[in-house]
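Colleague: The structure follows.
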Amino acid sequence: MAEHENGLPENPQWQELKLPQLLFTDTVRELHATIGKEWDYLQRSACQTAAGRALWKHVVNDPLADLLAGETYLKSIYEKIKKDRLNNAREISGVILAIRTLWFDSQIEAALNSFNDREAQVVLLGAGMDTRAYRLGYLKNSDIFEVDFPEVLQVKATLIQAAMQSRDEQQHLKMTAKSLTRVAADIRENDWLEKLQISGFKPEKNTVWVLEGIIYYLSHTQAMQVLKIIADKSTLVHTVLLADFMNKPSTTLSSSTFHFYSDWPDHLLPSLGFSHVKLSQIGDPDAHFGLMHDPLNLFNKLRSLPRSLQTHPDDGTPCCRLYLVQASGSPNQTTPREESVIT
């Protein structure tokens, strides 16, 4: 198989793992040691996401990703990528994360454009090691709110500060968003919206809500509560929700980590009050980004099967799907409608 068929250019930049010198400074080493010793699996998933973005830097522009990921996670995912390449795997480790990142990037921009140049807010729930406020120029008129555990936000802020003060990075790094506010809150609790508003979030202002790589870590009750809170805001002002959902078979990948799932998020969200819902799967025209060429890779094979199937008819393996969902609503849209192709 030619390398480009599984989403790889002929000479990908991560062919050899080169760790930035900043990772070996005392401050950064101590921070990542704290992550390894004190953070739980949900908090550490933020570093895994950053590592995936760093190692797919030939398609994802995130200059802070390797610093935020840390040596341990960079080496772990690099070894998986190396093994996949040696085995000519149809899906290279991290490709889902690369596509997911690019999809959210493009959809945030589209959502902001839908507000007709009005100022807007972007709320990243479970923001983790996200750096969009530093890397996306189209956020120049947007106020960004990052909501996450206080220890996650503090470590990230310290790491980014170290990068900004580094001689190697200081000429390249600057905040591209209009403003950035970090809000220490746990979205599994009942007070996160109150804390968000105290921090300057304005309920009457057009808002893009981003739930990337987080909702399936929540319990059903917690996830539904978060979605209902966001849906309620759509009765007040133009609101866009961007989220990725796992189907039920996907949660079996880790019996202790993933909890919430929805086989039909394009049915669920209209029932909560969203008036427009669009669903995509990895490999669809808007969730491809030139990385899904092989028609026989897992994702393209699943796209050809009815979504109602839980196991693959050829080999009985679980049909693990990741749905990328854009939903919106506004006060003048009161009739839920659904625009997904259902099979």
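Colleague: Ignoring ligands, DNA and RNA, what percent of the 1.4 Å accessible area of the chain is carbon and sulfur?
Modeller: Roughly 47 percent of what the probe reaches on the chain is carbon or sulfur.
Colleague: Let me ask something else. Apply the Karplus curve 6.51 cos²θ - 1.76 cosθ + 1.60, θ = phi - 60°, to the phi angles in the stretch 311-321 and return the couplings in whole Hz, x for Gly and Pro.
Modeller: Along the stretch 311-321, the couplings run 10, 6, x, 7, 10, x, 6, x, 8, 7, 10 Hz.
Colleague: Sticking with this structure for a sec: Using a/c under 1.5 as the rounded threshold, could you call the stretch 135-195 rounded, prolate or oblate? The axes a ≥ b ≥ c are square roots of the C-alpha gyration tensor eigenvalues, and prolate needs a/b larger than b/c, oblate otherwise.
Modeller: Oblate, since a/c reaches 1.5 and b/c is not below a/b.
Colleague: While we're looking at this one, here's another question. If you average the C-alpha positions of the stretch 254-285 and of the stretch 25-75 separately, how far apart do those two centres end up, in angstrom?
Modeller: The distance from the Cα centre of the stretch 254-285 to that of the stretch 25-75 comes to 28 Å.
Colleague: Separate question: Determine how many Å³ per residue the convex hull of the Cα atoms of the stretch 59-98 encloses.
Modeller: So the per-residue Cα hull volume is 66 Å³.
Colleague: Pick out which of Ala223, Ala133, Ala110 has the largest mean-square fluctuation in a Gaussian network model of the chain, springs linking Cα atoms closer than 10 Å.
Modeller: Most flexible of the set in this elastic network: Ala110.
Colleague: Which of the peptides 100-106, 81-87 is most tightly packed, and how do the rest follow, judged by the mean count of other Cβ atoms within 10 Å per residue?
Modeller: 100-106, 81-87
Colleague: Using all Cα-Cα distances in the stretch 141-298, what percent lands in each 5 angstrom bin from 0 up to the longest?
Modeller: Final binned percentages: 1, 7, 13, 17, 17, 16, 14, 9, 5, 1, 0.
Colleague: Show me, bin by bin at 10 Å from 0, the whole-percent P(r) of the stretch 216-340 based on Cα pairs.
Modeller: Calculated over all Cα pairs of the stretch 216-340, the distribution is 13, 39, 33, 14, 2 percent.
Colleague: A follow-up question, please. Name the most mobile residue of Thr311, Thr158, Thr239, meaning the one with the largest mean-square fluctuation, in a Gaussian network model of the chain with Cα contacts below 10 Å.
Modeller: Fluctuation is largest for Thr311.
Colleague: Using a Förster radius of 30 Å, what is the FRET efficiency between Asp314 and Thr257 based on their Cβ-Cβ separation? Nearest 0.05, please.
Modeller: The formula returns an efficiency of 0.65 here.
Colleague: Taking the mean number of other Cβ atoms within 10 Å as a proxy for protection, how do you rank 190-198, 268-276, 48-56 from highest to lowest?
Modeller: The peptides rank, most packed first, as 48-56, 268-276, 190-198.
Colleague: Further question: In square angstrom, what is the accessible area per residue of the stretch 192-343 with a 1.4 angstrom probe?
Modeller: Per-residue value: 43 Å².
Colleague: Hey, could you get me the Stokes-Einstein D for the stretch 91-195, Kirkwood radius over alpha-carbon pairs, 25 °C and 0.890 mPa s, rounded to whole µm² s⁻¹?
Modeller: 162
Colleague: Now a separate question. As a test of the formula, what do you get for the chain when each DSSP H run with n ≥ 4 contributes -39,500 (n - 2.57) and the sum is divided by the residue count, at 222 nm and rounded to the nearest 500 deg cm²/dmol?
Modeller: About -11000 deg cm²/dmol.
Colleague: Ok, one more. In Å³ and rounded to a whole number, note down the convex hull volume per residue for the Cα atoms of the stretch 194-287.
Modeller: With only Cα atoms used, the stretch 194-287 gives 115 Å³ per residue.
Colleague: Based on the Cα gyration tensor of the chain, what are the three equivalent ellipsoid semi-axes, each the root of five times an eigenvalue, rounded to whole Å and given largest first?
Modeller: 29, 28, 19
The values are calculated or read from the model by the stated rules, or taken from the named source; none is laboratory data. Only a predicted model underlies this, so the values are computations on that prediction, with no experimental measurement involved. No Cβ is skipped: glycine too gets one built from the backbone with ideal geometry, and neighbour counts run over all protein chains shown. To get the accessible areas, we keep the full protein, side chains included, count just its heavy atoms, and leave off ligands, DNA and RNA. Shrake-Rupley method; radii C 1.70, N 1.55, O 1.52, S 1.80 Å.
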